[in-house]
């Protein structure tokens, strides 16, 4: 028996809480973006009772305004087709604590009927398998009485409760990625993935920095399932960019990357070929590897003048003038102003930004602005390339047939100088600068007659991109960066990662100092 919670697991309330709170004049528009935002606004205003009354209204007479989470119906139907019985077990009081006396159990049952849960021709959930219990203890007892083998809930504290029945597989439904992984609790952010976890075919893989990745075993072989990080403060369409790039590359015969299989835009899930192999260590990059990377870039761009290439998106943070490159670093440095002094590491990071990073950037920026190359002149369309971003040896797998490149969620049209600078400045698996001329020659062969200009832009911009990657490493100290890593990794390693990133930034700035004498005085003697 599969047990499933109801509120905030089957039913999604964010939109309806915001809409009803606005209708009742309880919150201003900026505070109506989610259930949590409404709650926090009312509590901050000392209106806890209004919050309690609002819950009674939404779980009662406005219950029908709330939609199910995407994929819920398909999950129940798939369980029915697989012969897996499902029961709904919810902790829900019969009547509100405050306000009008609505029957909240009747409202929930009516919602299930209106959504077709009991329709024999659809989901076909028997009415007798729906239980609304008035206490948490009664809910836990019901789970045990039903003999559930699995239970899905949005509350980690319920799954970790001392009275939670032993030998029941606990699955946390965490659609916003707010919770880390706890021992003996599986986590999923969507209903399609819940089914994969349920039937035991999905295995979480380590190492993702931005997303969650799983190996899913199917009758025809393993595939890679990726859940993409989504955040209101970071609206980039990672799934759309990666799928578009994979489909374009495969359509033109490029095979040094995974074959796309399917995607679910609503659930934020993409599926592609699973590639077995090993990762390159930071000291293993050779000239042969650089040649393979250059050949991959050339293959991707071989058909860039054809109509389907024009439909590819602009790359994330694309730059089509020197001013664009400078603006990109300006914005990243400005975001680092938001580092709050909440720990010793945060204070140290803020000091590094103020005393070393900002002075270094001012000098690098001035050098770029003072060059003979025009700042605002747009890069000609013929000189633009399809960048397989995030491109580097940190995103490749060594296989018996050669390197396979992965992770293209920032891919699209861009300046080849940006691609080259990122390729050599990314810190995870560094590319020795001794290979720069070799790689640049291969890229120049792709771009045609713009070789001299490309070489000049790369030479000028490399220090700027060293600064940019220092900013990226310090994202660990910003809320969105922290949320993205927590979503991807699922465990709390933030302090260790922050210390590691600070050390990398220190070493990167030292290398920049060693390469550029004009920076030496400022970086060796930072302002007090």
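Just the residues that are touching a residue at least 24 places away in the same chain (Cβ under 8 Å), surrounded by 15 or more Cβ atoms within 10 Å (Cβ to Cβ) and under 27 Å from residue 172 (Cβ atoms), please, taken from the stretch 97-111. Within the stretch 97-111, 104, 105, 107, 108, 111 qualify.
The set of residues in the stretch 297-330 that are assigned to a helix (DSSP H, G or I) and in contact with a strand residue (DSSP E or B) (Cβ under 6 Å, 6 or more places away or on another chain) comprises 300, 301.
Of the candidates 295, 244, 288, the single residue that is touching a residue at least 12 places away in the same chain (Cβ under 8 Å) and surrounded by fewer than 19 Cβ atoms within 10 Å (Cβ to Cβ) is 295. Take the conditions at pLDDT below 95 and surrounded by fewer than 18 Cβ atoms within 10 Å (Cβ to Cβ) and apply them to residue 266. Does it pass? Yes. For the condition in a helix (DSSP H, G or I), touching a helix residue (DSSP H, G or I) at 6+ places or on another chain (Cβ under 7 Å) and at pLDDT 80 or above, residue 245 does not qualify. Listed conditions (1) in contact with a helix residue (DSSP H, G or I) (Cβ under 6 Å, 6 or more places away or on another chain); (2) at pLDDT 90 or above; (3) under 28 Å from residue 159 (Cβ atoms) are all met by residue 105, apart from (1). The residue pairs whose first member lies in the stretch 164-182 and is outside the structural domain of residue 149 (by TED's automatic domain parsing) and within 28 Å of residue 33 (Cβ to Cβ), whose second member is crowded, with 17+ Cβ neighbours inside 10 Å and modelled with pLDDT of 75 or more, and whose beta carbons are closer than 6 Å, counting only pairs six or more residues apart or on different chains, do not exist in this structure. Restricting 66, 37 to those that are surrounded by 15 or more Cβ atoms within 10 Å (Cβ to Cβ), under 25 Å from residue 268 (Cα atoms), assigned by TED's automatic domain parsing to the domain that holds residue 176 and modelled with pLDDT of 90 or more reduces the list to 66. Check the stretch 65-81 and report whether any residue there is within 19 Å of residue 131 (Cα to Cα), more than 31 Å from the chain's Cα centre (by Cα) and touching a residue at least 40 places away in the same chain (Cβ under 8 Å). Yes, the stretch 65-81 contains at least one residue that is within 19 Å of residue 131 (Cα to Cα), more than 31 Å from the chain's Cα centre (by Cα) and touching a residue at least 40 places away in the same chain (Cβ under 8 Å).
The residues of the stretch 151-171 that are assigned to a helix (DSSP H, G or I) and within 10 Å of residue 136 (Cβ to Cβ), listed by number, are 157, 158.
The values are calculated or read from the model by the stated rules, or taken from the named source; none is laboratory data. No experiment lies behind these values; they were computed from the predicted model shown. With ideal geometry, Cβ positions are generated from the backbone for all residues, glycine too; neighbour counts draw on all protein chains shown.
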